[in-house]
Amino acid sequence: MTARYEALIAAIDAANADDPRRVTADGAERAFEIVYAERMTARLAALYPDASELLQIATRAQHLRRWDIPRESFPLGRHGYNDWRKECRAHHARLVGELMRAQGYAEDEIAHVGAIIRKEKLKKDRDSQALENVAAIVFLEHYFDDFHEKYKDYDDDKIVDILGKTLCKMSPKGHGAALALPLPERTRALVAAAIAKESEALAKLAAVAID
């Protein structure tokens, strides 16, 4: 990759290094968002080895300084959650745009990365769809168990409903990669139940999907 790309990735990582949340990964305590960003990059490389430089940037900056906007600053419930996610995406896009501009990226390149992070034209834009697939797979592989523990009061039907909504945002390529993960037996069963529940919707999406 180019020198400006390498400098940009270093700048994204430096910004994420300020995350006050810490997680143990590979035997060391590190910033939560640093680890998340590295996992996103690794999964993108595995699933989309021909990913463009701009898609790689968007993937690395998917959660850029997410802790700046706490979930608790928005109301409880689905509407509050959706508003929080929308504000986070705009925040990530704005921040990475500033970093890209500092490295000499063109305005159209900055705009495209922002559109990917905001998941614009999902199901129609290949880069937006790729990022959605990667994010969902990273969630299942690394964060689903923590999510399940946090919401252990949810019954299986509620978890299956949540997983079903996630699956409907993915493409068949994403579904295949998710099912290929070495998931715990219980998690795999919940994913399978979600696929069965949303089978009709997923079949319709597969007919027009962009992988």
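The values are calculated or read from the model by the stated rules, or taken from the named source; none is laboratory data. These numbers were taken from a predicted model, which means no experiment stands behind them. Reconstructed Cβ throughout: ideal geometry from the backbone, glycine too, with neighbour counts over all protein chains shown. What goes into the accessible areas is simple: the full protein's heavy atoms, side chains included, and nothing from ligands, DNA or RNA. Shrake-Rupley method; radii C 1.70, N 1.55, O 1.52, S 1.80 Å.
Take the residues in region 8-38 that are out of contact with any strand residue (DSSP E or B) (no Cβ under 6 Å at 6 or more places or on another chain), open to solvent by 50 Å² or more (accessible area, probe 1.4 Å) and under 22 Å from Pro70 (Cα atoms), then tell me which one is modelled with the lowest pLDDT.
Thr24
With respect to Ala45, determine if the residue is surrounded by fewer than 20 Cβ atoms within 10 Å (Cβ to Cβ) and closer than 16 Å to Glu132 by Cα.
Yes: the conditions hold for Ala45.
Which of (1) surrounded by fewer than 14 Cβ atoms within 10 Å (Cβ to Cβ); (2) closer than 25 Å to Ala14 by Cβ does Ala115 not meet, given it meets every other one?
Unmet condition: (1).
Might you check whether a residue that is β-branched (Val, Ile, Thr) and under 18 Å from Ala201 (Cα atoms) occurs anywhere in region 163-180?
Residues of region 163-180 that are β-branched (Val, Ile, Thr), as a first pass: 166.
Still in the running and under 18 Å from Ala201 (Cα atoms): 166.
Yes, region 163-180 contains a residue that is β-branched (Val, Ile, Thr) and under 18 Å from Ala201 (Cα atoms).
Which of the helices (runs of 4 or more DSSP H) found entirely inside region 130-211 contain at least 2 residues meeting this: buried (at least 19 other Cβ atoms within 10 Å of the Cβ)?
On the way: elements: 144-150, 156-169, 172-179, 185-197, 199-208.
Passing ranges, in order: 156-169, 172-179, 185-197.
Does Arg85 count as open to solvent by 30 Å² or more (accessible area, probe 1.4 Å), within 19 Å of Asn133 (Cβ to Cβ) and touching a His at 6+ places or on another chain (Cβ under 9 Å)?
Details: open to solvent by 30 Å² or more (accessible area, probe 1.4 Å): yes; within 19 Å of Asn133 (Cβ to Cβ): yes; touching a His at 6+ places or on another chain (Cβ under 9 Å): no.
For Arg85, the condition - open to solvent by 30 Å² or more (accessible area, probe 1.4 Å), within 19 Å of Asn133 (Cβ to Cβ) and touching a His at 6+ places or on another chain (Cβ under 9 Å) - is not met.
Mind checking which residues of region 67-82 are open to solvent by 30 Å² or more (accessible area, probe 1.4 Å) and either among the hydroxyl-bearing types (Ser, Thr, Tyr) or touching a helix residue (DSSP H, G or I) at 6+ places or on another chain (Cβ under 6 Å) (or both)?
Of everything in region 67-82, those that are open to solvent by 30 Å² or more (accessible area, probe 1.4 Å) and either among the hydroxyl-bearing types (Ser, Thr, Tyr) or touching a helix residue (DSSP H, G or I) at 6+ places or on another chain (Cβ under 6 Å) (or both) turn out to be Arg71, Ser73, Phe74, Tyr81.
His92 is checked against (1) under 17 Å from Asp13 (Cα atoms); (2) open to solvent by 20 Å² or more (accessible area, probe 1.4 Å); (3) free of Cβ contacts under 8 Å to residues at least 40 places away in the same chain; (4) not aliphatic (A, V, I, L, M) and fails just one. What number does that condition carry?
Unmet for His92, out of (1) under 17 Å from Asp13 (Cα atoms); (2) open to solvent by 20 Å² or more (accessible area, probe 1.4 Å); (3) free of Cβ contacts under 8 Å to residues at least 40 places away in the same chain; (4) not aliphatic (A, V, I, L, M): (2).
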